Amino acid sequence: MELLADKLRPNCLDDIVGQKHLVSKGAVLYNLVQNKKLFSMILFGNPGIGKTSIANALVKELGCRFRMLNAVINNKSDFDVVIEEAKMYGELVLIVDEIHRMNKDKQDILLPYIENGLIILIGLTTSNPYYKINPAIRSRCQIFELNSLSVGDIKGGLLKASKGLPKCKVDDAALSLIANLSSGDFRSALNLLEIAYYSSEKKHVTEDVVKTINSKPILVGDANGDGHYDLISAFQKSIRGSDVDAALYYLGRLIVIGDLDIIYRRMNVIAYEDIGLANPGMGPKVRAAIEAAEMLGLPEARIPLSVVVTELALSPKSNSAHIALDKVLDDIESGSTGDVPPWIKTSSPLYKYPHNYKKHWVKQQYLPDNIKNKKYYEPCDNKYEANLNKINKEMKEE
């Protein structure tokens, strides 16, 4: 049986839900249709926000001969068939879903035909094309990003869709709940509406009916794909930016997804990359919180995690130590190295043992001659490092 989401696939840009920046009057895709011209393009954005619908609407409004393939499912011979068909008719639009997963063989056979215009490519992807799509393909396409759909966009689309269901009655509260549960995924919203319609008494979709089917929102950012990496990035950047509310929010998102391992790894990185010498006690605290979370398991694991993430966000920040080491590594990789000074070589009689001197320090060159005046470490402005440097300076004063 054909699903409602497929049955209601738009045939024109006017039927697209949201994406007004691309499809409304005067917008770029609207103007392409008005001028009866189509170019190779990549449409990217979260699942269920209209990539396939826009591609279908474009080819149908323009009356283009087209084929749709999936970069994973369809093999090289399927792409060969499309090319032969394009040669036969002079031009063909090829819609490729999951284009970021297209392997080199498929890319190689397509490239010359995209180049000469025999094939107009419309690639669809949830991944950022600037990172995940081969530059050779990307350079031949215009890239358009689709925006997340608002609750209002989805409610309007659902209301229109409900009219395609015989004798369907749907309450406004039910529409609002479905729209909120879908988290911007219109395809998911349509599927939930259809299930609620067929599972309800007298085909009356109420809020209670929807709740019996689904009461948890869809979260963009499962353990695969760019959405997940975006959450991880947002988590660390919120802590680095000392926004405790945002840090806890993204922690919550990652907990709901259930990816405790990435939470643990990221907190460990943050303790040393972003907190560093401004609060060196955070490393052991993070380790202790992770051990507590592991021992407790969910849902109680959220408690020690919430405490340590709050402290990470509120803590003073310093990246001075790892920045200093990065400078060292850059110098080593560029060849800026030298011989170890003879007096600090193994068993050298010239070595001055610092503990034999006042304040356990003696002036002595440790860096190779060619970089002996190099300064890698630059302290950040925080109390702990200021105190360290004060002690170090006092120790070296004669």
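The values are calculated or read from the model by the stated rules, or taken from the named source; none is laboratory data. None of these values were measured; they are calculated from a predicted model. Cβ coordinates were reconstructed from backbone atoms using ideal geometry, including for glycine residues, and neighbour counts include every protein chain displayed. Surface areas here come from the heavy atoms of the whole protein model, side chains and all, with no ligands, DNA or RNA. Shrake-Rupley method; radii C 1.70, N 1.55, O 1.52, S 1.80 Å.
Which of the residues belonging to region 234-246 are within 15 Å of residue 316 (Cβ to Cβ) and open to solvent by less than 10 Å² (accessible area, probe 1.4 Å)? The one that is within 15 Å of residue 316 (Cβ to Cβ) and open to solvent by less than 10 Å² (accessible area, probe 1.4 Å): 239. The single condition from (1) over 21 Å from the mean Cα position of the chain (by Cα); (2) farther than 30 Å from residue 91 by Cβ; (3) without any contact (Cβ under 8 Å) to a residue 60 or more places away in the chain that residue 157 fails is (3).
Restricting attention to region 249-288, report how many residues are open to solvent by 40 Å² or more (accessible area, probe 1.4 Å), touching a residue at least 40 places away in the same chain (Cβ under 8 Å) and over 26 Å from residue 383 (Cα atoms). Qualifying residue count, region 249-288: 1. In the set 306, 336, only one residue is part of a loop (DSSP other than H, G, I, E, B), among the polar types (S, T, N, Q) and either on the phi < 0 side of the Ramachandran plot or surrounded by fewer than 16 Cβ atoms within 10 Å (Cβ to Cβ) (or both); that residue is 336.
Of all residues in region 117-133, those that are more than 21 Å from residue 92 (Cβ to Cβ) and open to solvent by less than 80 Å² (accessible area, probe 1.4 Å) total 4. For region 18-53, taking the residues that are closer than 20 Å to residue 114 by Cα and assigned to a loop (DSSP other than H, G, I, E, B), the one that is nearest to the chain's Cα centre (by Cα) is identified as 40. If only residues of region 122-156 that are among the charged types (D, E, K, R) and touching a Ser or Thr at 6+ places or on another chain (Cβ under 8 Å) are counted, the one that is farthest from residue 177 (Cα to Cα) is 140. Of all the numbered requirements in (1) free of Cβ contacts under 8 Å to residues at least 60 places away in the same chain; (2) more than 23 Å from the chain's Cα centre (by Cα); (3) part of a loop (DSSP other than H, G, I, E, B), residue 72 misses one, and that requirement is (2).
Taking residues in region 195-223 that are among the acidic types (Asp, Glu), and partners anywhere that are at pLDDT 60 or above and open to solvent by less than 60 Å² (accessible area, probe 1.4 Å), the pairs with Cβ atoms closer than 8 Å and at least 6 places apart or on different chains are 207/171; 207/173; 207/174; 207/177; 222/228; 222/257.
Can residue 332 be described as without any contact (Cβ under 8 Å) to a residue 60 or more places away in the chain and either under 30 Å from residue 247 (Cβ atoms) or touching a Pro at 6+ places or on another chain (Cβ under 6 Å) (or both)? When the stated conditions are applied, residue 332 does not pass them. Of 350, 314, all but one fail to be open to solvent by 60 Å² or more (accessible area, probe 1.4 Å), modelled with pLDDT of 90 or more and in contact with a Pro (Cβ under 9 Å, 6 or more places away or on another chain); the exception is 350.
Remark: pairs (first residue in region 102-116, in contact (Cβ under 8 Å) with a residue 12 or more places away in the chain; second residue β-branched (Val, Ile, Thr) and surrounded by 14 or more Cβ atoms within 10 Å (Cβ to Cβ); Cβ separation under 7 Å; 6+ apart in sequence or on different chains) = 102/96; 107/137; 109/83; 110/119; 113/83; 113/119. For region 1-17, the candidate set comprises residues that are part of a loop (DSSP other than H, G, I, E, B) and modelled with pLDDT of 85 or more; within that set, the residue that is surrounded by the fewest Cβ atoms within 10 Å (Cβ to Cβ) is 12.
Got at least one residue in region 349-371 being assigned to a helix (DSSP H, G or I), basic (Lys, Arg) and on the phi > 0 side of the Ramachandran plot? Within region 349-371 (the criterion being assigned to a helix (DSSP H, G or I), basic (Lys, Arg) and on the phi > 0 side of the Ramachandran plot), the answer is yes, since at least one residue qualifies.
In the set 376, 357, only one residue is surrounded by 10 or more Cβ atoms within 10 Å (Cβ to Cβ) and either within 26 Å of residue 281 (Cα to Cα) or of a type in the set (D, E, K, R) (or both); that residue is 376. Restricting the search to helices (runs of 4 or more DSSP H) fully inside region 139-204 and requiring at least 1 residues that are closer than 26 Å to residue 28 by Cβ and either in contact with a Gly (Cβ under 7 Å, 6 or more places away or on another chain) or not aromatic (Phe, Trp, Tyr) (or both) gives 151-162, 186-199.
Selection of region 54-69 for residues being assigned to a loop (DSSP other than H, G, I, E, B) and either aliphatic (A, V, I, L, M) or open to solvent by 60 Å² or more (accessible area, probe 1.4 Å) (or both) yields 62, 63, 65. Taking (1) out of contact with any helix residue (DSSP H, G or I) (no Cβ under 7 Å at 6 or more places or on another chain); (2) at pLDDT 90 or above in turn, residue 91 satisfies each apart from (2). Residues in region 379-397 that are part of a helix (DSSP H, G or I), in contact with a helix residue (DSSP H, G or I) (Cβ under 9 Å, 6 or more places away or on another chain), open to solvent by less than 80 Å² (accessible area, probe 1.4 Å) and within 20 Å of residue 322 (Cβ to Cβ): 385, 388.
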